[in-house]
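So the structure is just underneath, and the comments pick up after that.
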Amino acid sequence: MKKCPGCAEEIQNNAVKCKHCGEFLEGAHRSRLLEAKRPWYFRKSFIVVAVCSIGPLALPLIWWRPHTTRAWKIGLTIGILALSWFIFQATMESIHTLKESYKLIEGL
Ligand SMILES: [Zn+2]
């Protein structure tokens, strides 16, 4: 048992929240603070948006992010590169098709 810093009532050692006053205890507080301290450019939502808008240029963000494991970094890098290569190929293909159809129109 330990004492709650909020109301000084006795609470369980592994309690996250005091049952007497509803105060969040130190451990829980600390992880919440860490979450809040995380810079905005390392937030998952920002990285997803960045990858969607600038593609492989957002890769350094993933590599700098301290919360991502190495396996994830490698996997994401391969995935993003493969996806951008696919999009690049598709774009080139459509440009080629467009040129071909222009040639056909000019030929008429
Ligand atoms: Zn309390």
Before we move on, is residue 80 more than 16 Å from the ligand (Cβ to nearest atom), of a type in the set (A, V, I, L, M) and at pLDDT 90 or above?
-> yes
Can you name every residue in the stretch 57-95 that is of a type outside the set (D, E, K, R), surrounded by fewer than 11 Cβ atoms within 10 Å (Cβ to Cβ) and assigned to a helix (DSSP H, G or I)?
-> 60, 71, 78, 82, 86, 89, 90, 91, 92, 94, 95
For residues in the stretch 21-33 being within 14 Å of the ligand (Cβ to nearest atom) and loosely packed, with under 13 Cβ neighbours inside 10 Å, which is modelled with the lowest pLDDT?
-> 26
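The values are calculated or read from the model by the stated rules, or taken from the named source; none is laboratory data. Quick caveat: nothing in here was measured; it's all calculated off a predicted structure. Glycine gets a Cβ as well: all are built from the backbone with ideal geometry, and neighbour counts include every protein chain shown.
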